[in-house]
Every structure is written in C-alpha cells, then in structure tokens.
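Trainee: Please see the structure below; I have some questions.
The values are calculated or read from the model by the stated rules, or taken from the named source; none is laboratory data. The model shown is predicted, which means the values in this text are computed figures rather than measured ones. Heads up, the Cβs are rebuilt from the backbone with ideal geometry, glycines too, and the neighbour counts pull from every protein chain shown. Ligands, DNA and RNA are stripped out before the accessible areas are found, and what is left, the full protein with its side chains, is counted by its heavy atoms. Shrake-Rupley method; radii C 1.70, N 1.55, O 1.52, S 1.80 Å.
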Amino acid sequence: QAQLVESGGGLVQAGGSLRLSCAASGRAFSTYAMGWFRRAPGKEREFVAAISWVGSSTAYADSVKGRFTISRDDAKNTVYLQMGSLKPEDTAVYYCAADPRGVGVITKSAVYWGQGTQVTVSS
C-alpha cells in the first residue's frame, strides 16, 4: 500500500530554518513527481514546491521562491523540503504528495498524500 510519511515539523522563530522529510513506500515513487503543499489555519491548501521524477525539474510557489528548496534521494525513497528565512505566514500543516503524471500536474493536485506535519513560525 502506498504511503507517504512526513517528519521534521516543529516550532521555529521567524528567520529560522527547518527541513521537512517525506518517506515514501509501497510504490515506485522514484518514477513519480513529488511535491509539498500546505494548509494554513482558515485557508485552502496551496502548492509549495515540486520536483520531477529524475530531479531535473523543480517548481515553486512565488511565496517561497528563494527561501525553500525541494530535493529528493531516490536511494532512500525520501523527498526533502529545506525551508529558510521562515516567516510567521509560513505557519501551516505541510503535506507531502506524489503523482505519476509529472511536475505540471502535481502543482495542482496529486494522487497520493501524506498525513501532514505542523510547522509553526513565531514572530
């Protein structure tokens, strides 16, 4: 059974950094595009970042460009989101996602989802 498990969330001060991890199992996720989404309190889920199945292509939301970096280690079946210069508005539950249809699709939706990890940025 396909499973995505996020970790690495927590409480951090504004300006700080966190690295989220997403461990994938149960599918050939090395051939899937992977992504991160987030949902802030009272808001809809929004796209954050995505990476193609060979890691050659990435995409970012404008709000995180230059601050967040997505990467993948297919030997470990893990995708990472390195977050820097964090702001209080980055506070949200962050979800890992996977989709076999590529980066262009996963920026909008995905087939597989993790349960989420909370990130809280204090001012």
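Trainee: Taking only DSSP H segments of four or more residues, each worth -39500 (n - 2.57), what value at 222 nm results for the chain once the sum is divided by all its residues, to the nearest 500 deg cm²/dmol?
Mentor: Calculated from helices alone, the mean residue ellipticity at 222 nm is -500 deg cm²/dmol.
Trainee: Something else: Using a simple spin-label model with points 7 Å from Cα along the Cα→Cβ vector, what separation in nm is obtained for K65 and V105?
Mentor: 2.6 nm
Trainee: At 1.4 Å probe size, with every protein chain present, just tell me what the per residue accessible area of the chain comes to in Å².
Mentor: Per-residue accessible area for the chain comes out at 50 Å².
Trainee: What is the gain in length, in nm to one decimal, between S56 and S122 on full extension, counting 0.36 nm per residue of separation less the C-alpha to C-alpha distance?
Mentor: 20.4 nm
Trainee: How would you classify the stretch 23-73 from its alpha-carbon gyration tensor, with a ≥ b ≥ c the square roots of the eigenvalues: rounded for a/c under 1.5, else prolate if a/b is greater than b/c, otherwise oblate?
Mentor: It comes out oblate by the Cα gyration axes.
Trainee: With label points built 7 Å along Cα→Cβ from the Cα atoms of A40 and E89, find their separation and express it in nm.
Mentor: Label at A40, label at E89, 0.6 nm between them.
Trainee: Let me ask another. Running Debye on the chain with equal point scatterers at the Cα sites and no solvent, what base-10 log of I(q)/I(0) appears at q = 0.22, 0.23 Å⁻¹?
Mentor: Those come out to -1.26, -1.37, one per q.
Trainee: If the cut-off is 21 Å between C-alpha atoms, which lysines fall inside it for K43, apart from same-chain ones fewer than 8 positions away?
Mentor: Counting by Cα, and skipping residues close in sequence, K43 has these lysines nearby: K65, K87, K108.
Trainee: Reachable aspartates and glutamates from K76, Cα under 15 Å, same-chain residues fewer than 8 places away excluded?
Mentor: Straight-distance partners of K76: E6.
Trainee: Using Cα-Cα distances under 8 Å and only pairs 6 or more residues apart, what relative contact order does the chain have, in percent?
Mentor: Contact order relative to length: 36 percent.
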